[in-house]
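The values are calculated or read from the model by the stated rules, or taken from the named source; none is laboratory data. This one's a predicted model, so the numbers in the text were calculated from it and none came from an experiment. Note that each Cβ is placed from the backbone with ideal geometry, even for glycine, and that neighbours are counted across all protein chains shown. These accessible areas exclude ligands, DNA and RNA; they are computed on the full protein's heavy atoms, side chains included. Shrake-Rupley method; radii C 1.70, N 1.55, O 1.52, S 1.80 Å.
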Amino acid sequence: DLTRWVTWAPSDPTILRLRGTGPDRGTARGVDAGTVQVFAHPIGGAATNVHVTVSGGPPTSLALLLPDGGIAAGTRPQARALARTSEGATVEVTALVEWSSSDPTLATVSSVVQPGVITTVRAGAPTISARFSGRTG
């Protein structure tokens, strides 16, 4: 995975925005419906591009993936969020959702610094939720 060593640029940032730095470097966010070219230029390598189509409609569903079985207190497992588009595509939206825990005294989940990372505090059964574009999981 060379994501962090690549300079990213969309041909039209009014349709698609790409994070160019930080831990979510390369994360795309659709702004409007349309098709753009995404240019990727790795350090010391040849540039390449790919066409990306951004759907205009909101997602039809949101699914959360949590580790199977129990989670031990004092651990920091990763949760993931997947949205399904009206065209049937599944898109990773972990870094874009608003995460929450039903009981922060048992576990918290990050929405900003390390999106989807759950910090377990003590034993219990909190509900981990995510909200994205009008959908909740």
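Pop out the carbon and sulfur fraction of the accessible area of the chain as a percent, whole number, probe 1.4 Å. Whole-percent figure for carbon plus sulfur exposure: 55. What does the extension gain come out to for residue 68 and residue 21, with contour length at 0.36 nm per residue minus their alpha carbon separation? In short, 13.7 nm is gained. Here the Karplus curve 6.51 cos²θ - 1.76 cosθ + 1.60, taken at θ = phi - 60°, turns the phi angles of region 127-135 into couplings of 9, 9, 10, 9, 10, 8, 6, x, 10 Hz, with x standing for Gly and Pro.
In the assembled protein chains, residue 129 presents an accessible area of approximately 30 Å² (probe radius 1.4 Å).
Note the per residue figure in Å³ for the convex hull of the C-alpha positions in the chain.
Spread over its residues, the Cα hull of the chain gives 120 Å³ apiece.
Computed from label points 7 Å out along Cα-Cβ, the spacing between residue 29 and residue 41 is 2.4 nm.
Modelled label positions at residue 106 and residue 4, each set 7 Å beyond Cα in the direction of Cβ, lie 3.3 nm from each other.
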